[in-house]
């Protein structure tokens, strides 16, 4: 079973990123859970979610020892750094998080300037989709095609197919960043 924690401030799209990865897993035929947590003030407050998926049944969907952490801001990086399992990976939004504050030498840090990248493709709300692409590429849990099909299926079901071109471009940008 794989575990990923997505963390940031409300409005950064971390809950959507987590939901996206869980839905890609379901689309592939895996069992998956998505457990969101957020403060009472949505935009600007804290937000995180835990996604678990795998071929086996998931008995405990709560946060335990993630293989991967997505940290979109410094408070999230600091809060969840100690939870990541040894040998795990932390993907940071390098536009907002300085990797120099890392205190561990048993994890891998991947720096992605996702806000700058999103602005570069005129999709300022696409930073979270870029990071989902990075996660898919780094972890190798899904192929690019599986991920794109699962992502677009999820957004179509939410009535957001008009953003498919932008989201596909953002996802591919993140996927090819690595």
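The values are calculated or read from the model by the stated rules, or taken from the named source; none is laboratory data. The structure displayed is predicted, hence computed values, not measured ones. Reconstructed Cβ throughout: ideal geometry from the backbone, glycine too, with neighbour counts over all protein chains shown.
Quick look at the numbers
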quantity	calculated
Residues located in segment 112-130, provided they are without any contact (Cβ under 8 Å) to a residue 60 or more places away in the chain, part of a helix (DSSP H, G or I) and either farther than 18 Å from residue 14 by Cα or in contact with a strand residue (DSSP E or B) (Cβ under 8 Å, 6 or more places away or on another chain) (or both)	115, 120, 130
Yes/no for residue 92 being assigned to a strand (DSSP E or B) and within 23 Å of residue 141 (Cα to Cα)	yes
Exclusive hit being within 22 Å of residue 29 (Cβ to Cβ), touching a strand residue (DSSP E or B) at 6+ places or on another chain (Cβ under 9 Å), modelled with pLDDT of 95 or more and surrounded by fewer than 22 Cβ atoms within 10 Å (Cβ to Cβ), set 109, 138	138
Residues within segment 26-46 that are exposed (fewer than 12 other Cβ atoms within 10 Å of the Cβ) and at pLDDT 90 or above, tallied	1
Residue within segment 143-162 that is within 17 Å of residue 68 (Cβ to Cβ), part of a helix (DSSP H, G or I), within 12 Å of the chain's Cα centre (by Cα) and at pLDDT 95 or above present	no
Index of the failed condition, residue 19 passing every other in (1) in a strand (DSSP E or B); (2) in contact (Cβ under 8 Å) with a residue 40 or more places away in the chain	(1)
Leading residue by the ranking (surrounded by the fewest Cβ atoms within 10 Å (Cβ to Cβ)) among those in segment 1-16 that are more than 16 Å from residue 61 (Cα to Cα) and without any contact (Cβ under 8 Å) to a residue 40 or more places away in the chain	11
Residue that is farther than 21 Å from residue 22 by Cα and within 13 Å of the chain's Cα centre (by Cα), where the choices are 51, 112	112
